[in-house]
1. Return the residue satisfying two criteria in turn: it lies in the stretch 331-354 and is part of a loop (DSSP other than H, G, I, E, B) and either surrounded by 10 or more Cβ atoms within 10 Å (Cβ to Cβ) or in contact (Cβ under 8 Å) with a residue 12 or more places away in the chain (or both), and of such residues it is nearest to the chain's Cα centre (by Cα).
2. What's the number of the only condition in (1) touching a helix residue (DSSP H, G or I) at 6+ places or on another chain (Cβ under 7 Å); (2) in a helix (DSSP H, G or I); (3) more than 12 Å from V289 (Cβ to Cβ) that M328 fails to meet?
3. Against the definition (within 9 Å of ligand 1 (Cβ to nearest atom), modelled with pLDDT under 95 and crowded, with 20+ Cβ neighbours inside 10 Å), how does E305 come out, yes or no?
4. Under 6 Å by Cβ, and 6 or more places apart or on different chains, what pairs join a residue from the stretch 32-48 that is hydroxyl-bearing (S, T, Y) with one that is modelled with pLDDT of 90 or more and part of a helix (DSSP H, G or I)?
5. Got a sec? Which of T205, T195, T187 is touching a Lys or Arg at 6+ places or on another chain (Cβ under 9 Å), over 16 Å from D91 (Cα atoms) and not acidic (D, E)?
6. May I ask you to list the residues in the stretch 19-48 that are of a type in the set (S, T, Y) and either touching a Gly at 6+ places or on another chain (Cβ under 6 Å) or within 12 Å of E336 (Cα to Cα) (or both)?
7. Pull out all pairs, ordered by first then second residue, where Cβ-Cβ is under 9 Å, the residues are six or more apart or on different chains, the first lies in the stretch 405-427 and is at positive phi, and the second is at pLDDT below 80.
8. What is the number of the single condition among (1) surrounded by fewer than 16 Cβ atoms within 10 Å (Cβ to Cβ); (2) over 30 Å from T46 (Cα atoms); (3) hydrophobic (A, V, I, L, M, F, W, C); (4) in contact (Cβ under 8 Å) with a residue 40 or more places away in the chain that F284 does not meet?
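The values are calculated or read from the model by the stated rules, or taken from the named source; none is laboratory data. Owing to the predicted nature of the structure, the values given are computational and were not obtained by experimental measurement. Here the Cβ positions follow ideal geometry from the backbone for every residue, glycine too, while neighbour counts run over all protein chains shown.
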Amino acid sequence: MEAIPQFLFLFLLLFFSFILFKRVKTIKRNILLGNKKYKTSTKKETRLKNLILVAFGQSKMFKKMTPAILHLMIYSGFIIINIEIIEIILDGILGTHRIFNMIGMPYYNVFISIIEFFIILVLISCVIFLVRRNFMNINRLKSSELKGWPTLDANLILIFEIILMVAILTMNASDLILQDHGKYNFTGSFYFSGTLKPLLINFSTDSLVIVERTFWWIHIIGIFLFAVYVTYSKHLHIFLSFPNIYYSDDNEKGKMSNMDSITNEIKIMMGISTEEVNEPPKRFGAKDVTDLSWKNILEAYSCSECGRCTSVCPANITGKKLSPRKIMMDVRDRSEEIGKMKDQNLNYDNKSLLGDYISKEEIFACTSCNACVEECPININPLDVIIECRRYAALEDSNIPAEWNSMMQNIETNFSPWKFPIDERSNWFKKEI
Ligand code: SF4
Ligand code: SF4
């Protein structure tokens, strides 16, 4: 066999590992821009169960069968195909050719054939996803927040995967013919790439070596590029959905977190507590991502932009400006923006999440129905961000719709949103009888 230029391979491996390491550090720093207050109250056993069922088992995906099956095909393919990548990396480092076969791995050709089966599944799924996304009228894939980079990103990654899959199959097919020519060690036949042999059968041995090596390099450089690219893409959910699900709160559905300082103040007013809070919070609610929790920002980086949340949002369905998916995309974009300013040692700009990214019109349109949280396949909670922004608008900015002010005044004086005194609240009901 032709020797693999090990030095070139090692250089590329170190170079891409360094870029990846830096990018991972940046994302971690950006997530930790959020405050440290968040702690999940879900028990460890439940969190592990969620990890197995929701993350590994993708249980929430199966509410919609077609995308769920296609997604499962890509997901399982991604895991299985990575085993072959271990072999390719070892070959690159050691200058060997198919090291698992060299060391006498039993049923090596069956192992590669199984991987090829998953490659075919991934290929089919990617093509169907491309067609669905670009040629079918699926509302959640056509929203305005997906214009530009998000749509390009989704298409690029699918094309990327198709190229990688074709590269492996072509590499394997040419390898099989080179085995017949006595150039490479015998492995036994590979089921799927074996069917491609007639396409290459007329090539000379030297040309086949060029084809096989070229696709080997396309594959491994593609993997390196993919690893770095993913960190800039919505496909970061491949990795971050696991910690996101593990740390998600699995308490009563729709339960909102109370603000400690306000809860305490009310308890004092009602004579339930006398304990004064020494240090008032620096900010009520959230104006920017730095006022959100690290978990809110982790969720934003984990979002796959699938739009399931938006497709069930009653505000969005009835034509309001609100899209919970956009809320999470805005949190991620703003975190990236602040992160870049930190990298350049710049002071914060005059922008903020609420105002420059998310408008008040959006957050006021939310009915706090919790449907988006319920629907999200990876337990993201867009409602939490909306509530925090609303708290800021109400408590610090004093800028909420006028009708809300009278409603809140009624709650304060009458213990109900209406203007009736408390003892007249049920009159309408009695009169009906
Ligand atoms: S909680 Fe708000 S954002 Fe979420 S689905 Fe309901 S209305 Fe939409
Ligand atoms: S928040 Fe969840 S449901 Fe909504 S787009 Fe992101 S991943 Fe999909």
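1. Once the filter is applied, the top-ranked residue is S352.
2. For M328, the failing item is (3).
3. When the stated conditions are applied, E305 does not pass them.
4. Y38/K295
5. Just one listed residue meets the conditions, T205.
6. If the condition is that a residue be of a type in the set (S, T, Y) and either touching a Gly at 6+ places or on another chain (Cβ under 6 Å) or within 12 Å of E336 (Cα to Cα) (or both), then T26 is the only one that fits.
7. Close Cβ pairs satisfying both conditions: F415/I422; F415/R425.
8. F284 satisfies all of (1) surrounded by fewer than 16 Cβ atoms within 10 Å (Cβ to Cβ); (2) over 30 Å from T46 (Cα atoms); (3) hydrophobic (A, V, I, L, M, F, W, C); (4) in contact (Cβ under 8 Å) with a residue 40 or more places away in the chain except (1).
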